[in-house]
Amino acid sequence: MLFCQRVFICLIFLGSLAGCALSPQELKPNPIVGNSLSNVGHGQAVSVNVVDQRHSAIIGTRGGLYSSTSSITVQSNDIVPKLQKQAEEALSKMGYRPQSGSSTTLTIIIDSIVYTPSDSNFANDASVKAVLKAQLKTPSKTYNGKYSSTTSQGFTTAPSLEQNNAFVSDVLSNVLTNVFKDSNLSGSM
């Protein structure tokens with residue numbers, strides 16, 4: 001009888017450990033540039049490019065007991081076209097005319113996206129930091145800017161794919177909006 005109780009307790013313990021394992025997530029965030037941008041472009045043509053200079057698509061882990069198997073990724077081939085589209089829309093809202101081959105070029109560089117879970121084995125709190133760089137080149141001048149956004153959030157349970165998509169989308173939206181709200185950048189075009 002005592003042996004059966006010990007086996008039962010061991011099975012419950014092992015089952016609870018297995019429940020702490022979190023599966024990997026491949027995020028597909030949808031950043032959106034805010035609407036409160038200054039209309040300063042006067043129809044000037046600007047060529048815009050988005051480049052991903054991260055060393056890996058892995059932005060972090062979901063945490064938990066087996067964090068090495070709970071990676072969170074944002075693929076370059078998913079995020080670059082979305083940021084490109086949003087950058088072109090932002091320039092249009094500002095009165096510029098996105099046009100490839102223009103003598104004025106804006107390159108937006110994804111420097112980093114970092115997802116950090118809490119130190120707890122339950123991984124219910126997390127923070128996300130995104131860093132973008134902007135390089136503007138005109139026939140007469142060059143401007144370089146660096147922009148970041150960080151947000152922390154608590155979750156009642158480990159965040160789902162949908163929650164993490166929304167979480168990372170918000171941070172990317174904030175940092176991309178910061179790029180286009182930079183009066184030094186828009187004033188240099």
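Each value in this text was obtained by applying a stated rule to the coordinates, not by laboratory testing. What you see is a predicted model, and the numbers here were worked out from it, not measured in a lab. Neighbour counts run over all protein chains shown; Cβ positions are idealised from the backbone, glycine included.
Using all alpha carbons of the range 46-188, what is the percent of pairwise distances in each 5 Å bin, ordered from the shortest bin to the longest?
Taking all Cα pairs of the range 46-188, the binned fractions are 2, 10, 19, 21, 16, 12, 9, 6, 4, 2, 0 percent.
If each of Ser160 and Ser103 carries a label point 7 Å out from its Cα toward its Cβ, how far apart are those two points in nm?
5.4
Calculate, for Gln84 and Ser127, the FRET efficiency according to 1/(1 + (r/R0)^6) with r their C-beta to C-beta distance and R0 22 Å; round to the nearest 0.05. Each step should come with its number before you reach the end.
Details: r = 26 Å, r/R0 = 1.20.
Efficiency, rounded to the nearest 0.05: 0.25.
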